[in-house]
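Scroll down for the structure; my scribbles are underneath it.
The values are calculated or read from the model by the stated rules, or taken from the named source; none is laboratory data. Remember, predicted model here, so these are calculated numbers, not experimental data. Quick reminder, even Gly has a Cβ in these numbers, built from the backbone with ideal geometry, and neighbours come from all protein chains shown.
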Amino acid sequence: MISPPPPPTDGPLTLEELQLAARNKGMPLEALRYDVTPVGMHYLLVHFDIPALEAATWRLRVGGNVARGLELSLDDLRSLPRVTMPVTLECAGNGRARLHPRPISQPWLVEAVGTAEWTGTPLAGVLAAAGIAPGTVEMLFVGADHGIEKGHEHDYARSLTLDEAMRPDVLLAYEMNGRPLEPQHGFPLRLLVPGWYGMTHVKWLTRIDALNEPFDGYQQKTAYWYKRSPDDPGQPVTRIKPRALLIPPGFPDFLTRTRTLDADRTELRGRAWSGGAPIARVEVGIDGVWTEAKLGAALGTYAWCSWSLDWDATPGEHVLSCRAFDEAGSSQPLEQPWNVQGMGNNLVQSVRVIVR
């Protein structure tokens, strides 16, 4: 039986949302100080259960509309050409809990992000070995995690167009920050699609199929769409929208996270990224007055860059904000971009500080 989604609310967090929040975790904002996010601080979203997989018996099967079906062990994949690249991942639902009314799901604020150095072999090489047959339009990626969402029982699965799947920077990744994937991050193998939101990077990968028609599974056809109303046909969620985040200065209040710092010249720092184009500039707002920040070099083509701005902090209460602009002309909005599923909310971050 198909379950309708619960209606959006402006009420307190539900027990179901708290249960999800306890299973999944965001990156502490102070971790923005690291170029590469430590594995234990990287954001995490697990839809169902973390599968119990053994490297010795696990296999990746490649089939469907191919000339030669493949069955590859982890050692087989490790023997193929090896690539390491820094990539920033962000959950498509990042910012959902800041929307009004709030769509009911994983209640992210702004911390569902992290940058890691991913190691694996290019997907294109494996697909070439299988021999993609004429008529193929999409590649389907199936994970070992299985469950029910809105009444749909399924293995977690997503597809990419053949052109997108054949990008040279799309990886079958088996290492994160120089060591084998942790179970919660997709051990022994996950898909890595730089520039795309996290739902695309299928974890615990077990199967790749070449399809001669578009995939219509739940995580592709129903979930991850920008819709203004339930009957809006909408647009699919794809690449990461631009975002900047501030490393909160000073020290926090335990409950409210309001920051306290002393009056002095203070360097404000943070990170910015976009999956659509390189970051062109970052602006920092001090009580609504915007000033362009100094940009550092990006860690990689699909990884965040640093930014900084010196601020003469004067006594009193202040609100600090930041917003990113990319080279394709996209930027962060000052008003919420509401949608039914709470996707892609890249509303500017604001941090309340008390200067003493």
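Here are a few things to note about the model shown:
- Any hit, the range 81-103, residues being loosely packed, with under 14 Cβ neighbours inside 10 Å and closer than 30 Å to ASN212 by Cβ: yes
- Consider the range 219-248 and keep the residues that are of a type in the set (D, E, K, R) and crowded, with 21+ Cβ neighbours inside 10 Å. The one that is nearest to GLY270 (Cα to Cα) is ARG243.
- When GLN336, GLN332 are checked against the criterion of being at pLDDT below 95, on the phi < 0 side of the Ramachandran plot and not assigned by TED's automatic domain parsing to the domain that holds ALA31, a single residue qualifies: GLN336.
- Test: residue in the range 57-68 that is within 16 Å of the chain's Cα centre (by Cα) and surrounded by 12 or more Cβ atoms within 10 Å (Cβ to Cβ): no
- Against the numbered list (1) under 30 Å from ASN65 (Cα atoms); (2) loosely packed, with under 15 Cβ neighbours inside 10 Å, GLU149 comes up short only at (2).
- Conditions (1) touching a residue at least 12 places away in the same chain (Cβ under 8 Å); (2) in the same structural domain as PRO183 (by TED's automatic domain parsing); (3) polar (S, T, N, Q); number of the one not met by SER3: (2)
- Note on the range 249-280: residues that are under 21 Å from the mean Cα position of the chain (by Cα), closer than 20 Å to GLY114 by Cα and either buried (at least 16 other Cβ atoms within 10 Å of the Cβ) or of a type outside the set (Gly, Ala, Ser) (or both) total 8.
- Among the conditions (1) more than 18 Å from MET85 (Cα to Cα); (2) outside any strand (DSSP E or B), the only one that ALA124 does not satisfy is (1).
- Residue check, ALA244 within 24 Å of the chain's Cα centre (by Cα), of a type in the set (Gly, Ala, Ser) and outside any loop (DSSP other than H, G, I, E, B): yes
- The condition of being under 30 Å from ARG323 (Cα atoms), at pLDDT 95 or above, in contact with a helix residue (DSSP H, G or I) (Cβ under 9 Å, 6 or more places away or on another chain) and in the same structural domain as TYR174 (by TED's automatic domain parsing) holds for only one of PRO101, PRO107, PRO81, that being PRO107.
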